[in-house]
Amino acid sequence: RYQRRVRGSEGEDMERWSCLPDAIPAAMLEQHFQQIKKTFHPQVVQYSNTNPLIPQGDGEHGEDIQWKVSSYMDLDRANEGAMQRQVRVNQNLREECAPLLERCDQLFAPWYERLHGEGSVTHLTRMQSFITRYRARPDENALLRHIDGAMVDGSLILALPTDVPYEGGGLTVWDGEPEVAHQVCQRPGDVCLLDNFIWHQGNPITSGERWALVIFYSVKQHAGKRLGRVLQRCLRNLPAQDSRDCEEHQKKVRLKILHSVPNFGISKIVSEIGVTCEDVVMLLGIGDGGLLAALTQQAKRSIGIDLGEGTRDSVVDLLQSQQFADKVSIRECPLFSLKPVSYTHLTLPTKRIV
């Protein structure tokens, strides 16, 4: 059993992540695996991952790649990512995996409540569940260092059997202060449980096929706007303020916010919002300036909130190069300098808020 231990809600030592060996019986896996292979049809999604913390030697994903390694069984349309918008659920695969999914739910809920306290799971929902098949091909051999999403309360990874033995693979989980990389060699039936905001990756394979069942969970019903919940979740997961670590905090904010809107989605976002020349737009997070510039082009005026991404100078240069500087004001509200309660008091006069 591999685990990273922290102080739990009742004062006992608990793990932020844990690997349970042989959590799913081999007979149960063998009963379903051949049919899983027959009903597995990988769906193409657009994916970007330019995380600078990806270990050297593991490769890279880059921007706007055609990701075709997974077939989806559950998709919560209220909280899905942009990359899954065109995906349809594979009902045949879902029916075949139903006993495995239910068993995974039974493993995740009590583990999460031991970590966060009795009653912390009030409405368990599979935000996403999917079968992933890794093959030793470009953009199919790994899922490099990432976090499963700001709205994901926890995740589960079940190692499945394979008819084509692979080399490499396994998981890497990064956790702790200072950060430590933990190598996890998953065998069929092993389950890895992850709390939210845990960096991890499916390590590259060099031959064969590696199969896994993955679930993203929500543990309660949410009210309010998704963006507000995302920002609050980011706030809770930033370290305590310390002037000596200010630059490191900025880096963490930059990693969590800068890549939240991929370049391929900007035009669609601007089109669907329907900004007009009479609108004043406020954008939380200036990123690399692409979305701010696109919105400013349509709006009467825009306000960019610099959350501490460390990109202000380059964004100003971009706006000046497109002659938008007189239509934009950038205001600083760095996340790493706020306590969660402070966020609720951030108000700016706008006609329209994005």
Filtered residue count, region 95-117, keeping only those that are open to solvent by 80 Å² or more (accessible area, probe 1.4 Å) and without any contact (Cβ under 8 Å) to a residue 24 or more places away in the chain: 3
Close pairs from region 180-204: first open to solvent by 10 Å² or more (accessible area, probe 1.4 Å), partner assigned to a loop (DSSP other than H, G, I, E, B) and of a type in the set (S, T, N, Q), Cβ under 7 Å, at least 6 apart: 197/237; 204/141
Which listed residue is at pLDDT below 95 and not acidic (Asp, Glu), from 156, 238, 160: 238
Failed condition for residue 34, given (1) farther than 26 Å from residue 121 by Cβ; (2) assigned to a strand (DSSP E or B); (3) modelled with pLDDT of 65 or more; (4) not acidic (Asp, Glu): (2)
Any hit, region 158-167, residues being under 19 Å from the mean Cα position of the chain (by Cα) and assigned to a strand (DSSP E or B): yes
Single condition residue 354 does not satisfy, out of (1) within 29 Å of residue 65 (Cβ to Cβ); (2) at pLDDT below 80; (3) surrounded by fewer than 15 Cβ atoms within 10 Å (Cβ to Cβ): (3)
Conditions (1) of a type outside the set (Phe, Trp, Tyr); (2) part of a loop (DSSP other than H, G, I, E, B); (3) surrounded by fewer than 21 Cβ atoms within 10 Å (Cβ to Cβ); number of the one not met by residue 141: (3)
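The values are calculated or read from the model by the stated rules, or taken from the named source; none is laboratory data. Note that the structure is predicted; figures quoted are calculated from it, not measured. Methodologically, a virtual Cβ is constructed for each residue, glycine included, from the backbone with ideal geometry; neighbour enumeration extends over all protein chains shown. Side chains included, ligands, DNA and RNA excluded: accessible areas come from the protein's heavy atoms. Shrake-Rupley method; radii C 1.70, N 1.55, O 1.52, S 1.80 Å.
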